[in-house]
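Every number here is computed from the coordinates shown, using simple stated rules; none is lab data. On a predicted model such as this, the values are computed, not experimentally measured, just so you know. Using ideal geometry, Cβ is built from the backbone for each residue, glycine included, and neighbour counts are taken over all protein chains shown.
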């Protein structure tokens, strides 16, 4: 029997009145690492249980616990089959391998304040003069908002289906669970993340390329230094090349294990704003892959979720009985709180380019001030 996701995919593809897209060149992922690594013990949530009120209440308890411990958790039961997931990774890979350098230049993002189109390698400063080796292609959830490379055009309908699936079948259920955890009406956070609203929630295809031995030594093998995400919820489609680590509550960086056809979910800055610190943004980084995967490129598929552009990032402290009981941890005064648009623009412009200042309170932490909020980077 076809899954609900597959039926939705078929219906939406037919609505575009376009011929079926050819199969993309198959991306064959390498095997997962066999190294003995210190993995974070992350909760696994079956999102299919969120279809009933009782299931949502039970899952809300699990989400609150997961956010209170690591701020990361796995999601299964998300509605995509392994075959559908494999196909989206194949589409992601051709975005980099089937588009030549000259055509990529045409689709490089035009604004430093918005992630759109290609971000070339060696754009961000990592450390000690070493720049990143990460290329990504960002696609607004309203896929037709901008033009796309020739090789990607046959698959735009599928990418829009993928965006909608992430938004309606993954993001919304998670936001409802987070709202229940604050004893708020289920749709409170959903209303602040409408698919049709103005904003920059997007699909991102990302490829991390190997670096030289000298670069690894100079940056202590860090590919993307410790940070929190700009938006509210990040949906990462798990892939086998290791490198992602989270900063555990005991101050130890631990690896995130690959799980076939699972999602890795984490909280970003916007949840800290809106939820009064109950769901703190998760500190994470990317380092060189394990020894048995060194030299392999790392392909990523993400859905970066942000609130509607016009949402003012103030906590639901009046409506939430939980926040009234435990208190609110604010990033700034309510009257100084930025809108979503202001926050994402200012953080996007600054990322990887601004001058960071060593923290006087925390060792190995650098800081910058954005929209009156202290933003920390973890070395």
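Shape class of region 176-300 from the Cα gyration tensor (axes a ≥ b ≥ c, square roots of the eigenvalues): prolate, since a/c reaches 1.5 or more and a/b is larger than b/c. Here region 327-379 and region 251-309 have alpha carbon centers that stand 18 Å from each other. When each of 207, 329, 105, 363 is scored by the number of other beta-carbon atoms lying within 10 Å, the sequence from fewest to most is 363, 105, 329, 207.
From the coordinates of this entry, Rg/Rh (Cα atoms, Kirkwood Rh) is computed, and it appears in [x] 0.94; [y] 0.99; [z] 0.97 under the label [x].
Taking only C-alpha pairs under 8 Å that are 6+ residues apart, what is the relative contact order of region 4-310 in percent? All intermediate terms of the calculation are to be shown ahead of the outcome.
Working: 579 pairs, mean separation 76.1, N = 307.
So the answer I get is 25 percent.
Whole-percent P(r), region 249-316, all Cα pairs, 10 Å bins from 0: 15, 37, 31, 14, 3.
Once a ≥ b ≥ c are taken as the square roots of the eigenvalues of the Cα gyration tensor of region 236-288, is the result rounded (a/c under 1.5), prolate (a/b larger than b/c) or oblate (a/b not larger than b/c)? In terms of gyration-tensor shape, oblate.
Once you order the gyration tensor axes a ≥ b ≥ c over the Cα atoms, which shape class does region 171-241 get: rounded for a/c under 1.5, otherwise prolate or oblate by comparing a/b with b/c? Don't jump to the answer; show the numbers that get you there.
Details: a/c = 3.17, a/b = 2.53, b/c = 1.25.
Prolate.
Between region 101-155 and region 38-88, the alpha-carbon centres lie 30 Å apart.
Based on Cα contacts under 8 Å between residues 6+ apart, region 141-291 shows a relative contact order of 21 percent.
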